[in-house]
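The values are calculated or read from the model by the stated rules, or taken from the named source; none is laboratory data. Being a predicted model, the structure only gives us computed values, none of them experimental. Don't worry about glycine lacking a Cβ; one is built from the backbone with ideal geometry, like all the others, and counts go over all protein chains shown.
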Amino acid sequence: MTLKTTLIDVQELAALAPVDVLIVDCRFELMAPGSGARDVGKGERDYREGHIPGAVYASLDTDLSDLSRQALGLGRHPLPLEAAFSEVVSRWGWREGMQIVCYDAANGSLAAARLWWLLRLSGIRGAAVLDGGYAAWVAAGLPVESGDVTREVHAVSLHFDAGQYLVDHSTLRDDPARVVLDARAAPRYRGEVEPIDPVGGHVPGALNRPFAHNLRDDGRFKNAAALREEFKALLGTHAPRDVVHMCGSGVTACHNLLAMELAGLTGSRLYAPSWSGWVSDASRPVAKGAEPG
């Protein structure tokens, strides 16, 4: 079986034998995350009411982030530690050679793309986001099931390739070769509104590429050629390796990472703390309005 590494459509997923695929439901609502085991968030409630058969659930807050590290200036959704993420993937029962499919409510724009990127950071390349998400599965008339899914644990030990996939505060601030792409909506990037973080605006010099621009009107990704043309027009002569992605907390930035990978523009990196991490230090500069260019 040839593993998918960017996107998979619903019919391709439906054709896979259950033994060959790990499906992960990543639905999550930032404004309704829940507060603990007895107060699960809307995404997890939606999962229990109906999900793709065999899918396990991944919480952005507890499986794909480590909120206990927020005080370290790592943003609102700090990356999990290697050991913790290894335990999560072990709990899901992933084995080498198994296809992983991540999906969320509509289009891979939130935690599904984050999980896809975390798996890539961990050296797992056989992971893909379901194009169109759960909505596309339901619209195709494919079966769903309710309740929780438990899979047989299979212990794995994962290691993050930070040098290949991440940049830190100093690189973002001091590297003259890098070009920053901010995935937030334009009003937040320009500092006109800021509903979550204490300061509005963007990192000086950062360009704006709202993640929604990667999608067609039906919520599926644009084709690779269209995405490549759009990113090349934005980046000019910059190589993909020069590109650093960010957003509000290192989640929707992964949507742009996925789109560039789909477009064949490989090698870009993530500033995981993103805007919420940048503004945790009041000495860092803030720009407002649109960048010239």
Practice item. Of the conditions (1) in contact with a helix residue (DSSP H, G or I) (Cβ under 8 Å, 6 or more places away or on another chain); (2) closer than 17 Å to Ala287 by Cα, Val156 clears all except one; give me its number. Key: (2)
**Study point:** Exclusive hit being at pLDDT below 95, part of a helix (DSSP H, G or I), in the same structural domain as Gly126 (by TED's automatic domain parsing) and surrounded by fewer than 18 Cβ atoms within 10 Å (Cβ to Cβ), set Ala84, Ala71
**Key:** Ala71
Check your understanding: Between residues in the range 1-21 that are among the basic types (Lys, Arg) and residues that are surrounded by 11 or more Cβ atoms within 10 Å (Cβ to Cβ) and not in a strand (DSSP E or B), which pairs lie under 8 Å by C-beta distance while being six or more apart or on different chains?
Key -> Lys4/Glu12; Lys4/Gly126
Review point. What about Arg184, is it within 30 Å of Ala128 (Cβ to Cβ), touching a Cys at 6+ places or on another chain (Cβ under 6 Å) and in contact (Cβ under 8 Å) with a residue 12 or more places away in the chain?
Key: yes
Review point. Which pairs have Cβ atoms under 7 Å, sit 6 or more apart or on different chains, and link a residue in the range 195-221 that is among the aromatic types (Phe, Trp, Tyr) to one that is assigned to a loop (DSSP other than H, G, I, E, B)?
Key: Phe211/Ser109; Phe211/Ala183; Phe211/Thr252; Phe221/Asp131
Review point. So which residues in the range 105-130 are at pLDDT 95 or above, part of a loop (DSSP other than H, G, I, E, B) and over 18 Å from Arg269 (Cα atoms)?
Key: Gly126
Practice item. Can you confirm whether the range 160-178 contains a residue that is more than 17 Å from Cys254 (Cα to Cα) and hydroxyl-bearing (Ser, Thr, Tyr)? Key: yes
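Any idea which of Leu142, Leu121 is among the aliphatic types (A, V, I, L, M), buried (at least 17 other Cβ atoms within 10 Å of the Cβ) and either within 29 Å of Asp20 (Cα to Cα) or free of Cβ contacts under 8 Å to residues at least 40 places away in the same chain (or both)? Steps first, answer last, please.
Numbers: Leu142 fails: buried (at least 17 other Cβ atoms within 10 Å of the Cβ).
Of the residues listed, the single one that is among the aliphatic types (A, V, I, L, M), buried (at least 17 other Cβ atoms within 10 Å of the Cβ) and either within 29 Å of Asp20 (Cα to Cα) or free of Cβ contacts under 8 Å to residues at least 40 places away in the same chain (or both) is Leu121.
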Practice item. Would you please list the contacts, defined by Cβ atoms under 9 Å and residues six or more apart or on different chains, that run from a residue in the range 222-248 that is in the same structural domain as Thr266 (by TED's automatic domain parsing) to a residue that is assigned to a helix (DSSP H, G or I) and among the charged types (D, E, K, R)? Key: Lys222/Glu230; Leu235/Asp242; Gly248/Arg188
Review point. Ser276 passes all but one of (1) in a loop (DSSP other than H, G, I, E, B); (2) among the hydroxyl-bearing types (Ser, Thr, Tyr); (3) touching a helix residue (DSSP H, G or I) at 6+ places or on another chain (Cβ under 9 Å); which number fails?
Key: (1)
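Residues that are more than 21 Å from Cys26 (Cβ to Cβ), at pLDDT 95 or above and hydroxyl-bearing (Ser, Thr, Tyr), at least 1 per element: which helices (runs of 4 or more DSSP H) completely within the range 133-219 meet that? Walk me through it before giving the result.
Numbers: elements: 133-139, 162-165, 169-174, 186-189.
By residue number, 186-189.
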Practice item. For Leu13, work out the one condition from (1) in contact with an Asp or Glu (Cβ under 8 Å, 6 or more places away or on another chain); (2) at pLDDT 95 or above it doesn't fulfil. Key: (1)
Revision key, fill the gap. Conditions (1) crowded, with 17+ Cβ neighbours inside 10 Å; (2) in the same structural domain as Val56 (by TED's automatic domain parsing) -> Asp148 fails only (1)
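Checking the conditions here, which among Glu229, Glu261 is in a helix (DSSP H, G or I) and within 22 Å of Gly133 (Cβ to Cβ)?
Numbers: Glu229 fails: within 22 Å of Gly133 (Cβ to Cβ).
Being in a helix (DSSP H, G or I) and within 22 Å of Gly133 (Cβ to Cβ) holds for just one of Glu229, Glu261, which is Glu261.
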Practice item. Go through (1) farther than 17 Å from Gly250 by Cα; (2) part of a loop (DSSP other than H, G, I, E, B); (3) modelled with pLDDT under 95; (4) assigned by TED's automatic domain parsing to the domain that holds Arg151 one by one and return the number of the condition Thr2 breaks. Key: (4)
